[in-house]
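Below you'll find the structure, written out as C-alpha cells, and then a few comments.
The values are calculated or read from the model by the stated rules, or taken from the named source; none is laboratory data. Just so it is clear, the structure is predicted and the values come from calculations on it, not from any experiment. Don't worry about glycine lacking a Cβ; one is built from the backbone with ideal geometry, like all the others, and counts go over all protein chains shown. Side chains included, ligands, DNA and RNA excluded: accessible areas come from the protein's heavy atoms. Shrake-Rupley method; radii C 1.70, N 1.55, O 1.52, S 1.80 Å.
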Amino acid sequence: MTNQVLIVDKHSNQYGFYGRLKAEFPSQIIVDVTEICNLACIHCPHPEFKKSPYYSSQSLNLELNAKMVDEVAKYGQGKTQYIRYTSNGEPLTNRQIYEMLEYACGNSGVAVTLTTNGTLMNEKRIEKLLNIGVDIIDISLDAFVPETYSKIRVNGNLNITKSNVLKLLQRSKQSSFKTKVVVSYVEQPQNIYETKDFETFWKNNGADYVVIRRLHSAAGAIENIAEKIQEEHKSKVRFPCLYPWERILLNPAGYLAFCPTDWVHGSVIADYRTTTIYETWQSEFYQKLREAHLCNNFGNHSFCGNCPDWVHTRWPGEGRSYADMVEQFKEQE
C-alpha cells in the first residue's frame, strides 16, 4: 500500500498536544505485566508470539512497577488520566499483580484500571481486586454464546467466565466499592451477529459500560487482518496515529515502548532501569517519531510505516474513546 502525503498544520489542534494530550507527561501509562496467557484467541497474536524468538515468558517485577507509580505521582498529576494494567498475556497470571495494583491505587494519585479475560477471576480474587480499590475492571469476552466464545477465545469456557463476571458485578454493587465494571467485545466476522445481544445482556446485568472494539491487526502482526484493513481503507489519506501523543508502555522485560500492540519489540525505546518516563516522553526520539507521523515519512520508523492500525485511532473530539469513558466515570464520582 502506497502512503499518501499528509500535510498538517503543526500549530493547529487537528493533531498534536491538545485536550487530554500533554507534552509534559503521557496521559496514559500502559503497563504490560506479563507475556503468559491461558487462552489462544484467534484475533490475538499470542499463539504465534509464544512460538517466536520474541517470547520469553517474562513478567514485570515489583520494583519497576513502583518506579513507574512514583513517577506518575510526581509528574502525572493533572496530566495522566490513568494507569492501565494489561498485557500481551493475562495479567492475573502474574502473581504479583495484586501488590502492583495496590501500590498504584494507594500512591499514584490517578485512576487505575485492569484489563483481564476474566477466566481466573474467582470469588477470592474478586474480593482482592475490590478491596484494593481498582477504579475499572475491564473484562474481554468477545462473544455472547458459548459456541462462539470457544471458537474465538480458544481454551476458554464462557459459562465459567460469565459466572465470574456476574459475581463481580453483583459484589461490586455492594458496600462502598468504587470499582466500575466494564465488559468488552472485539467485533469480528465470527461474532458480528451477536453484538446487540451482547450489549443488551450485559447492560441489563449491571455492567457500567459495554465497549465494542474494532478489530485491528496488532500493528500488522496478524497478516490477514492487516491485509483486510489495508484493502478497506486503501483510498483513505493517512493521518497520524494517536499513540505517540497519548501513551507510553512499560513492558514485562522492563523496557519502555511507544506502541501498545507491539509483539515484535519494534517500538521499544529505552531500558526503564536506566531512564525515566519523564525523560523519554520529551526525548529527541519521541519528537522525531511524532514528526514522522505528522509528515507521513516513516523512512526511519518502519514499524509504524508498516502498520495499518492508525486508521482505528481516535483523536480527542473524533468520537467516543476509552479515555472518554474513564473521564465519564471520574465525573460521576
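Side notes on the structure shown:
- Val72 meets the conditions (1) closer than 24 Å to Ser217 by Cβ; (2) at pLDDT 95 or above in every case but one. The failed one is (1).
- From the list Ala257, Ala218, Ala226, Ala207, the lone residue that is on the phi > 0 side of the Ramachandran plot and open to solvent by less than 20 Å² (accessible area, probe 1.4 Å) is Ala218.
- Helices (runs of 4 or more DSSP H) contained in segment 63-176 and holding at least 2 residues among the β-branched types (Val, Ile, Thr) and closer than 28 Å to Asn205 by Cβ: 123-132, 146-152, 158-172
- Residue in segment 269-293 that is most open to solvent (accessible area, probe 1.4 Å), counting only those that are closer than 22 Å to Gly19 by Cα and assigned to a loop (DSSP other than H, G, I, E, B): Gln282
- Selected residue [under 20 Å from the mean Cα position of the chain (by Cα), of a type in the set (Phe, Trp, Tyr) and part of a loop (DSSP other than H, G, I, E, B)] from Trp263, Trp245, Trp310: Trp263
- So Gln28, is it open to solvent by 10 Å² or more (accessible area, probe 1.4 Å) and modelled with pLDDT of 95 or more: no
- Scanning segment 175-215 for residues that are hydroxyl-bearing (Ser, Thr, Tyr), more than 22 Å from Glu147 (Cα to Cα) and touching a Leu at 6+ places or on another chain (Cβ under 7 Å) returns a single hit, Thr179.
- Among residues of segment 85-97 that are under 17 Å from Asn131 (Cα atoms), those with a Cβ under 8 angstrom from a residue that is basic (Lys, Arg) and outside any loop (DSSP other than H, G, I, E, B), sequence gap 6+ or separate chain, pair up as Leu92/Arg125.
- Close pairs from segment 189-207: first under 13 Å from Leu169 (Cα atoms), partner open to solvent by 80 Å² or more (accessible area, probe 1.4 Å), Cβ under 7 Å, at least 6 apart: Gly206/Lys173
- Set Gly317, Gly266: member being within 22 Å of Ala23 (Cα to Cα) and open to solvent by 20 Å² or more (accessible area, probe 1.4 Å): Gly317
- Total residues in segment 26-62, condition part of a helix (DSSP H, G or I) and touching an Asp or Glu at 6+ places or on another chain (Cβ under 9 Å): 3
- Criterion violated by Leu158 - all others in (1) over 25 Å from Pro45 (Cα atoms); (2) open to solvent by less than 50 Å² (accessible area, probe 1.4 Å); (3) free of Cβ contacts under 8 Å to residues at least 24 places away in the same chain satisfied: (1)
- One residue alone among Arg125, Arg171, Arg84 is within 21 Å of Tyr209 (Cα to Cα), more than 20 Å from the chain's Cα centre (by Cα) and of a type in the set (Lys, Arg), and that residue is Arg171.
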